[in-house]
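Quick notes on the structure that follows.
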Amino acid sequence: MDALGRVVKPKTKRAKRFLERREPKLTENTKNAMLIKGGNANLTVTEVLKDIYAVKKPFAVLYKKKNITRPFEDQTSLEFFSKKSDCSLFLFGSHNKKRPNNLIIGRMFDYHVLDMIELGIENFVSLKDVKNNKCPEGTKPMLIFAGDMFELNEEYRRLKNLLIDFFRGPTVPSIRLAGLEHVLHFTALDGKIYMRSYKVLLKKSGCKIPRIELEDIGPSLDLVMRRTHLASDDLYKLSLKQPKALKPKKKKNISHDVFGTTYGRIHMQKQDLSKLQTRKLKGLKKRPAEKSAQDGGSSPKKPKSA
């Protein structure tokens, strides 16, 4: 049996806490990413991995040693590192004559490769080359995607979903305006993907709403898509399945409109309006002639008694 696959009983409290953190949960932890350098990675690829690690920290693990592996041919090494470091996202960098400045971004499902897309680096501007103030470590970025290819092409659509999964960061219950200071912008144009990183500057505008300016802080990447390894529709659907405990219970007779207004429907028995008590008014009171006409004619007068 594999050393990482066997059942391990904790002997200390620290080991017990470690295993509890890796147990399946209804609400999963923030996804960690591992950044792996290939056996023949050059300086450009190494700098890209370092910059992505700086953007992704603290939810990332950077492997500094070279690992001789080819993810599209053999995925066992990636699955081993994923289980060892408890990472469900990965970025692999390599360089060779056939595919220079190569990046492979992907994700795992149940410690097996789910999606994997190969990208080539055509232009790169490092964090060091941009002499501006950077965002604090762990800042949750705002993701913007521009280009029709992200909606029309299936491979680009899956790449967009993968990039959101990679850079989204932790799920937060609330936000504040001062915390929205990092923007990652992805543009798909003419068969290339342009990645830009900006810092949001809030300037005085003379009114309550501040004036917003974007300042380039790096890194900047011009990428081109190469090979892809996408999951089948059934496996992809299985990976998106949520436990029943997380699904909100449907409330009967309650609906919402596009603006979030809540509408409720009340079921009542049929009312008899003829017995409805209304306010009595003299102007609506029936005259004696009208009453006799409704009763079927005038009733004979009673003789007076002597």
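The values are calculated or read from the model by the stated rules, or taken from the named source; none is laboratory data. Remember, predicted model here, so these are calculated numbers, not experimental data. Note that we place each Cβ from the backbone using ideal geometry, even for glycine, and neighbour counts take in every protein chain shown. Calculation scope for accessible area: heavy atoms of the full protein, side chains included, ligands and nucleic acids excluded. Shrake-Rupley method; radii C 1.70, N 1.55, O 1.52, S 1.80 Å.
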Problem - Condition met for Ile117 (out of contact with any strand residue (DSSP E or B) (no Cβ under 6 Å at 6 or more places or on another chain) and assigned to a strand (DSSP E or B)) - result: no
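For Gln242, are the conditions met, namely being loosely packed, with under 10 Cβ neighbours inside 10 Å, within 30 Å of Leu26 (Cβ to Cβ) and modelled with pLDDT under 85?
yes
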Problem - Residue check for Val125: in contact with an Asp or Glu (Cβ under 6 Å, 6 or more places away or on another chain) and not hydroxyl-bearing (Ser, Thr, Tyr) - result: no
Handout entry: Search result, residues across region 23-48 that are touching a Leu at 6+ places or on another chain (Cβ under 7 Å), hydrophobic (A, V, I, L, M, F, W, C) and surrounded by fewer than 21 Cβ atoms within 10 Å (Cβ to Cβ)
Key = Leu26
Fill in the blank from the handout: The lone condition Pro71 fails out of (1) part of a strand (DSSP E or B); (2) surrounded by 14 or more Cβ atoms within 10 Å (Cβ to Cβ) is (1)
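Every residue, every condition in (1) more than 21 Å from the chain's Cα centre (by Cα); (2) closer than 30 Å to Gly179 by Cβ; (3) touching a residue at least 12 places away in the same chain (Cβ under 8 Å), yes or no:
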residue: Pro219; (1), (2), (3): yes, yes, yes
residue: Lys250; (1), (2), (3): yes, no, no
residue: Ile254; (1), (2), (3): yes, no, no
residue: Val258; (1), (2), (3): no, yes, no
Exercise for the section: Would you check if there is a residue in region 55-65 being at pLDDT below 90, crowded, with 17+ Cβ neighbours inside 10 Å and part of a strand (DSSP E or B)? Expected result: no
Practice task
Determine if region 229-244 includes at least one residue that is part of a strand (DSSP E or B), touching a residue at least 24 places away in the same chain (Cβ under 8 Å) and touching an Asp or Glu at 6+ places or on another chain (Cβ under 9 Å).
Solution key: yes
Exercise for the section: Could you check, for region 116-123, whether at least one of its residues is exposed (fewer than 14 other Cβ atoms within 10 Å of the Cβ) and free of Cβ contacts under 8 Å to residues at least 60 places away in the same chain? Expected result: no
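Matching residues to (1) of a type outside the set (A, V, I, L, M, F, W, C); (2) open to solvent by 20 Å² or more (accessible area, probe 1.4 Å); (3) at pLDDT 90 or above:
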| residue | (1), (2), (3) |
| --- | --- |
| Ile175 | no, yes, no |
| Leu184 | no, no, yes |
| Thr187 | yes, yes, yes |
| Lys192 | yes, yes, yes |
| Ser205 | yes, yes, no |
| Arg211 | yes, yes, no |
Completion exercise
By residue number, the members of region 172-195 that are of a type in the set (Lys, Arg) and under 12 Å from Phe145 (Cβ atoms) are none
Handout entry: Filtered residue count, region 169-203, keeping only those that are in a loop (DSSP other than H, G, I, E, B) and touching a strand residue (DSSP E or B) at 6+ places or on another chain (Cβ under 7 Å)
Key = 3
Practice task
Scan region 135-144 and give yes if some residue there is open to solvent by 80 Å² or more (accessible area, probe 1.4 Å) and small (Gly, Ala, Ser), otherwise no.
Solution key: no
Practice task
Pull up region 74-109, narrow it to residues that are closer than 30 Å to Phe18 by Cβ, open to solvent by 60 Å² or more (accessible area, probe 1.4 Å) and of a type in the set (Lys, Arg), then point me to the one that is nearest to the chain's Cα centre (by Cα).
Solution key: Lys83
